1. Scan around ALA52 for amide H atoms under 5 Å from its own, H built in the peptide plane at 1.01 Å from N, and keep only partners 5 or more places away or cross-chain.
2. Dipole magnitude of the range 1-69 about its Cα centre, charges +1 at Lys/Arg Cβ and -1 at Asp/Glu Cβ only, in debye to the nearest 20?
3. Just to make sure I understand: if all protein chains stay in place, what is the order of MET41, MET18, MET66 by accessible area at 1.4 Å, largest first?
4. Karplus couplings for the range 30-35 from phi (6.51 cos²θ - 1.76 cosθ + 1.60, θ = phi - 60°), rounded to Hz, Gly and Pro as x?
5. Principal axis lengths of the chain from Cα atoms, whole Å, largest first?
6. Hey, what's the range 15-93 come to in accessible area per residue, 1.4 Å probe, Å²?
7. Of LYS24/LYS48; LYS2/LYS88; LYS16/LYS77; LYS2/LYS25; LYS50/LYS77; LYS16/LYS36, which sit over 19 Å apart, Cα to Cα?
8. Can you give the extra length, in nm with one decimal, that the chain gains between LYS88 and ILE9 once fully stretched, where that is 0.36 nm per residue apart less the Cα-Cα distance?
Amino acid sequence: MKTAQDIIIAPVITEKSMSGIADKKYTFKVNKDANKIEIAMAVEELFKVKVAKVNTMSVRGQARRMGRYEGYTASWKKAIVTLKADSKPIEFFDGLM
């Protein structure tokens with residue numbers, strides 16, 4: 001069985017993801033094999049919040065060049081987690097605002 005730390009890999013810190021914090025939407029990089037139910041349970045366990053819904057998307061690797069050599073960055077999975085209205089915010093993201 002996967003632990004919560006195996007499912008939630010890292011927060012995604014971009015301008016667009018930070019604008020969603022006002023609506024209690026938080027963006028995370030997650031394990032490619034994790035489903036929405038596992039992601040919701042992992043966020044609730046790690047941050048002690050109540051999750052309303054989870055949206056996931058697979059992000060393709062981008063083409064990169066180093067001189068004459070070409071390749072792709074690794075593909076990954078992104079999850080946008082929406083918290084319930086009565087839930088407290090995640091403190092980690094409050095320090096970034």
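The values are calculated or read from the model by the stated rules, or taken from the named source; none is laboratory data. None of the values given here were measured: they were computed from a predicted structure. In this analysis, Cβ positions are derived from the backbone assuming ideal geometry, glycine residues included, and neighbour counts consider all displayed protein chains. To get the accessible areas, we keep the full protein, side chains included, count just its heavy atoms, and leave off ligands, DNA and RNA. Shrake-Rupley method; radii C 1.70, N 1.55, O 1.52, S 1.80 Å.
1. For ALA52, the qualifying residues are THR82, LEU83, LYS84.
2. 400
3. Solvent-accessible surface, decreasing: MET66, MET41, MET18.
4. 10, 4, 5, 8, 6, 9
5. That works out to 54, 34, 19 Å along the principal axes.
6. Spelled out: the 1.4 Å probe surface of the range 15-93, per residue, equals 69 Å².
7. Long pairs (Cα-Cα over 19 Å): LYS2/LYS88; LYS2/LYS25; LYS50/LYS77; LYS16/LYS36.
8. Gain on stretching LYS88 to ILE9: 26.3 nm.
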